[in-house]
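A.B. asks: Here it is, the structure, as structure tokens.
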Amino acid sequence: MKATWDIFCSVVDNYGDIGVTWRLARQLVAEHQYAVRLWVDDLRAFERMCPEVDVNAEQQWRQGVEICRWPADWQPTAAADVVMGAFACRLPDAYMEAMAQQARPPLWLNLDYLSAEDWVAGCHGLPSVKYKGVQKFFLFPGFQPGTGGLLREAGLLERRRNFQQDPQARRDFLQGLGVIPAENARLISLFAYENAGLASWLEVLAADSRPTHLLVPEGRILGDLQRWLGVDGLLAGAVKVREALTVQVLPFVRQDDYDRLLWCCDFNAVRGEDSFVRAQWAGRPLLWHIYQQQEDVHLDKLEAFLALYTEGLSPPAKAAMTGLWRAWNAGEGMGESWQALLQEWLEVAEHAEKWCLGQASQPDLAAALVQFYLNWI
Ligand code: TRH
């Protein structure tokens, strides 16, 4: 009998918690043939990226995954063979008790946040706390050998490359979103938290000799965008033109379509965790708005990633990339660093593909989790 998996996802805020666990659950089913239950405490964020999700259903099947509402009032449930809490979420007490009561206690995992910091490889797979004899283990995604790697479905890069080599597929996809960029326009996607640096970036794009078509999925950055445009109530479908810059607001699309959007663009501004990884698989230059944490600990994570990512770049390209990312994450002026990046564009674009291939040569996170389980039994 194949093992059963329970994945617990508490939606703290935004879309990253459900984005990551939904991706992982699907991959465990599709590529490793496990029976996976995904427990989610709030289905509304989920519905945005997977519109067929019924937000009122206690239980439903989606793409082979059993989706269960994680109720505040937990009902007795037998534990699975592998139990994963995502991002340090606390499992229901009664469920932990059920784990402890099982004749063969399950493998208990905590899937942690993604970080490029050096300590991650040393902590991946280490034992954590115990509950009545059930041992919990830390699992860390990461970029370096010895970590759990990144989520990457089988055949992802081939699909991405086929799409990018097919101009008609790109045109059709964009047209489906109502996007018809000018022939020579630079296409940029923008998914970010509120950012005081946005106006300075838009200024320089508007003043550029080459047109830019900026695609902005509905979300937290719209307030800054509206302020710069001097308009209110921007909704999906809105198109505004300021000199060389065309700004278009997009609906929040399903997760697979968001991938295609990233594949279409010459440059992707992403945020959090999952969109950040997907932009890397797109093989195009990117800008990361990191999720802000208390006492600015996120800035160490930003620097750790930058140090890794810019390895092998020439000093001016490295300086341009680093300058742009630091400015964006400090909410500072973007004009100068954007110009500097444009000077290094060819190198930075080649580097994005190289980085992607390098990361793809490591085992993916789902495979690493399965291997961890197989080593454990
Ligand atoms: O939404 P986020 O800011 O999520 C964050 C981070 O994960 C952060 O690390 C975590 O601490 C916090 O949540 C709780 O960014 P992220 O991780 O990129 O997740 C966005 C998800 O939304 C990702 O799976 C892609 C998906 N998405 C779509 O499906 N369609 C869209 O149109 C867009 C813009 C995103």
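A.B. asks: Please verify whether LEU261 is open to solvent by less than 20 Å² (accessible area, probe 1.4 Å), more than 13 Å from the ligand (Cβ to nearest atom), out of contact with any Lys or Arg (no Cβ under 6 Å at 6 or more places or on another chain) and at pLDDT 95 or above, treating the condition exactly as stated.
C.D. replies: Judged against the criteria, LEU261 is not a match.
A.B. asks: In the set ASP274, ASP256, which member is within 11 Å of the ligand (Cβ to nearest atom) and free of Cβ contacts under 8 Å to residues at least 12 places away in the same chain?
C.D. replies: ASP256
A.B. asks: Could you check, for the range 33-40, whether at least one of its residues is within 20 Å of the chain's Cα centre (by Cα) and either more than 30 Å from HIS289 (Cα to Cα) or basic (Lys, Arg) (or both)?
C.D. replies: No, because not a single residue in the range 33-40 is within 20 Å of the chain's Cα centre (by Cα) and either more than 30 Å from HIS289 (Cα to Cα) or basic (Lys, Arg) (or both).
A.B. asks: Could you tell me whether ARG210 is more than 17 Å from GLY331 (Cβ to Cβ) and at pLDDT 95 or above?
C.D. replies: The answer is yes for ARG210.
A.B. asks: Regarding GLY122, is this residue over 18 Å from GLY283 (Cβ atoms), part of a helix (DSSP H, G or I) and open to solvent by less than 80 Å² (accessible area, probe 1.4 Å)?
C.D. replies: yes
A.B. asks: Out of the range 279-298, which residues are within 18 Å of LYS318 (Cβ to Cβ) and aliphatic (A, V, I, L, M)?
C.D. replies: LEU286, LEU287
A.B. asks: Determine whether TRP328 is within 16 Å of the ligand (Cβ to nearest atom) and without any contact (Cβ under 8 Å) to a residue 60 or more places away in the chain.
C.D. replies: no
A.B. asks: Here is a follow-up. Do we have PHE267 as in contact with a Lys or Arg (Cβ under 9 Å, 6 or more places away or on another chain), at pLDDT 95 or above and more than 8 Å from the ligand (Cβ to nearest atom) here?
C.D. replies: Yes, satisfied.
A.B. asks: How many residues, within the range 325-339, are more than 20 Å from the chain's Cα centre (by Cα) and either under 30 Å from GLU158 (Cβ atoms) or open to solvent by 40 Å² or more (accessible area, probe 1.4 Å) (or both)?
C.D. replies: Residues in the range 325-339 being more than 20 Å from the chain's Cα centre (by Cα) and either under 30 Å from GLU158 (Cβ atoms) or open to solvent by 40 Å² or more (accessible area, probe 1.4 Å) (or both): 5 in total.
A.B. asks: Something else about it: Restricting attention to the range 179-201, and to residues there that are touching a Cys at 6+ places or on another chain (Cβ under 8 Å) and within 21 Å of GLN343 (Cβ to Cβ), which single residue is nearest to the ligand (Cβ to nearest atom)?
C.D. replies: Filtering first and then ranking leaves ILE188.
A.B. asks: Could you go through the range 202-215 and let me know if any residue there is open to solvent by less than 70 Å² (accessible area, probe 1.4 Å) and within 16 Å of the ligand (Cβ to nearest atom).
C.D. replies: yes
A.B. asks: So is GLU353 in a helix (DSSP H, G or I), at positive phi and assigned by TED's automatic domain parsing to the domain that holds LEU205 or not?
C.D. replies: no
A.B. asks: Another question about this same structure. Considering (1) more than 13 Å from the ligand (Cβ to nearest atom); (2) open to solvent by less than 50 Å² (accessible area, probe 1.4 Å); (3) out of contact with any Gly (no Cβ under 8 Å at 6 or more places or on another chain), say which one ALA25 fails and leave the rest.
C.D. replies: Every listed condition holds for ALA25 apart from (1).
A.B. asks: Restricting to the range 144-155, and then to whatever is in contact with a helix residue (DSSP H, G or I) (Cβ under 6 Å, 6 or more places away or on another chain) and within 12 Å of ALA360 (Cβ to Cβ), can you tell me which residue is most open to solvent (accessible area, probe 1.4 Å)?
C.D. replies: ALA154
A.B. asks: Same structure, new question: Anything in the range 216-235 that is of a type in the set (Gly, Ala, Ser) and either within 15 Å of the ligand (Cβ to nearest atom) or in contact with a strand residue (DSSP E or B) (Cβ under 6 Å, 6 or more places away or on another chain) (or both)? List them, or say none.
C.D. replies: Once the filter is applied, which keeps residues that are of a type in the set (Gly, Ala, Ser) and either within 15 Å of the ligand (Cβ to nearest atom) or in contact with a strand residue (DSSP E or B) (Cβ under 6 Å, 6 or more places away or on another chain) (or both), the range 216-235 yields only GLY219.
The values are calculated or read from the model by the stated rules, or taken from the named source; none is laboratory data. Remember, predicted model here, so these are calculated numbers, not experimental data. Cβ atoms come from the backbone with ideal geometry, glycine included; neighbour counts cover every protein chain shown. What goes into the accessible areas is simple: the full protein's heavy atoms, side chains included, and nothing from ligands, DNA or RNA. Shrake-Rupley method; radii C 1.70, N 1.55, O 1.52, S 1.80 Å.
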